[in-house]
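Step one of this worksheet: look at the structure below.
Values quoted throughout were computed directly from the atomic coordinates according to the rules given, and no laboratory measurement underlies them. Not measured: the values here are computed from a predicted model. As a convention, Cβ positions derive from the backbone with ideal geometry for all residues, glycine included, and neighbour counts pool all protein chains shown.
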Amino acid sequence: MKKCVFIHTNERQWLGAQLSAYSLRRNSAHADAFDVEFIHVRDYPFLQAREGQPFLRGGVTRNWRMDDLQSFTPLRFMPPKLMGYEGRALLVDPDVFAVGDVYELLSRDMQGKGVMGRYRSANKNKAQCVATSVMLMDCARLTHWDCEREFNELFEFTRDYKEWMCLRHESPDNVGYFEPEWNDFDRLTENTRMLHNTKRRTQPWKTGLPVDYTPADKLRKYPLLAFLNRLRARLFGEYAFLGRYTAHPDPNQERFFFGLLNEALEKGVVSESLLREEMKRNHVRHDALEVAERTPPLTVPIP
């Protein structure tokens, strides 16, 4: 059975995607048993075709922006089609880095489920909401997935982005769950298998840069805050007054990222010219080279 890990990304998270791919192979004893491929927004014109148009998200409308930090997320649902609806696929965000051997996940018994992820919330009694940022797929059981059609339904207001991302449109009988360590949200322990720097404001490679993502509305929880946030964006611009990225609260996670970067630079997996270009474009913090150079050699597992 063919196995492939897909990393979906855009220009703003390209360095993260490169290091994600490096970590997957670096930390697997079976790196020759699976492929690693990128799914980049530039290759899917149906995304660009909707620039500036309103779509349904969380019960309200929002305008689609290709320059948003997470404009790649609809492409989470491309792997089954890219695999010809055959084989085993794993989809990961570009800010997810392997600490353990990803082959253990790629080769696990899915017990007849078409798709697996971790519970998004610690409260498992909530309505089905899967964290699709790391998603294991039996492609033959997902022939009903059509990413482009489903993306367009957002703009027809027949599909809600948040429900789509949580797999709420999927039959519960086709959904399984794996351990949270395979998608560890900003937590790095001896049990972590895949580290996900999911809190955008503290992503280690962006510290000090101006925030360039659209904050969640949280309309139901904080309606006044959601209203004020929309008013701010309309009057002053999408990213106005959002401040800057801050340092990650866990120094080990910063060391892990820059340890990967240092190795990748030394091995030529990432070029210094690419890194400098990413810094110039404000996609990566401007002291990234200096931080990488002073970071101790990477050890796995992390103490």
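Which net charge results when you count Lys and Arg as +1 and Asp and Glu as -1 among the other residues whose beta-carbon is under 11 Å from that of residue 295? My count for the surroundings of residue 295 gives -2. Sorting 246-256, 148-158 by average packing, meaning the other beta carbons within 10 Å per residue, from highest down gives 246-256, 148-158. Once the C-beta distance of residue 199 and residue 266 is scaled by a Förster radius of 41 Å, the resulting FRET efficiency is 0.90 to the nearest 0.05. Neighbour counts of C-beta atoms inside 10 Å place 277, 266 in the sequence 266, 277, starting with the fewest. Using C-alpha pairs below 8 Å separated by at least 6 residues, the relative contact order for the chain is 18 percent. Charged neighbours of residue 5, selected by a Cβ distance under 11 Å, balance to +1 (K, R count +1; D, E count -1). Rounded to the nearest 0.05, the FRET efficiency derived from the C-beta distance between residue 65 and residue 276 at R0 = 25 Å is 0.40.
By the Cβ distance rule of under 4.7 Å, the chain has these cysteines without a partner: 4, 139, 147. Kindly flag which residue pairs out of 81/162; 113/199; 3/199; 162/199; 206/280 have an alpha-carbon separation exceeding 24 Å in this structure. Violating the 24 Å Cα-Cα cut-off are 113/199; 3/199. With a cut-off of 12 Å between beta carbons, the residues surrounding residue 258 carry a summed charge of -2, where Lys and Arg count +1 and Asp and Glu -1.
First measure r as the distance between the Cβ atoms of residue 168 and residue 101, then evaluate 1/(1 + (r/R0)^6) with R0 = 30 Å and state the FRET efficiency to the nearest 0.05. Once the sixth-power term is evaluated, E becomes 0.45. Within the listed set 102, 175, 134, the residue fluctuating most in the Gaussian network model of the chain (springs between alpha-carbon atoms under 10 angstrom) is 175.
Inter-label distance, residue 31 to residue 146: 4.0 nm, where each label sits 7 Å from its Cα along the C-beta direction.
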